[in-house]
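All of the numbers you see were taken from the coordinates with simple rules; none came from a lab. No experiment lies behind these values; they were computed from the predicted model shown. Heads up, the Cβs are rebuilt from the backbone with ideal geometry, glycines too, and the neighbour counts pull from every protein chain shown.
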Amino acid sequence: MIQEDSLLNVNARAVAQLAAQRRLPSIAGIEFVEAGGLIGYGVDFPALFRRAAYFVDRILKGTKPGDLPMEQPTKFELIVNGKTAAALGLSISRTVLQRADRVIE
């Protein structure tokens, strides 16, 4: 498991390639799996941005920002990279594949 941060995001492809060379299954954030990592789990950013638009609308209509509630993300994505799984010789269970929001083939 790789903690997602800005350093990983900048070097996601290199880290994913290194993990594949060492035949290490890996899980990290969404950007990592799109760069070639095995599994990605993280915040659904489009849903987060849509929710942010709600707050912008409220502020533009006169609500003071301090009067708005603080919210945590409620929608998360699970992405499985089937190409990486095949390259590592791994089979991902049908249950995980069915729960995945997206499977990269």
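Of these, R102, R50, which one is within 13 Å of the chain's Cα centre (by Cα) and among the charged types (D, E, K, R)?
The match here is R102.
Out of G36, G82, report the one residue that is of a type outside the set (F, W, Y), within 13 Å of the chain's Cα centre (by Cα) and under 21 Å from I2 (Cβ atoms).
G36
Identify all residues within the range 21-57 that are charged (D, E, K, R) and in contact with a Lys or Arg (Cβ under 7 Å, 6 or more places away or on another chain); write none if there are none.
D44
Whether any residue in the range 3-13 is in contact with a strand residue (DSSP E or B) (Cβ under 6 Å, 6 or more places away or on another chain), more than 16 Å from A86 (Cα to Cα) and not basic (K, R) is what I want to check.
Yes: the range 3-13 contains one or more residues that are in contact with a strand residue (DSSP E or B) (Cβ under 6 Å, 6 or more places away or on another chain), more than 16 Å from A86 (Cα to Cα) and not basic (K, R).
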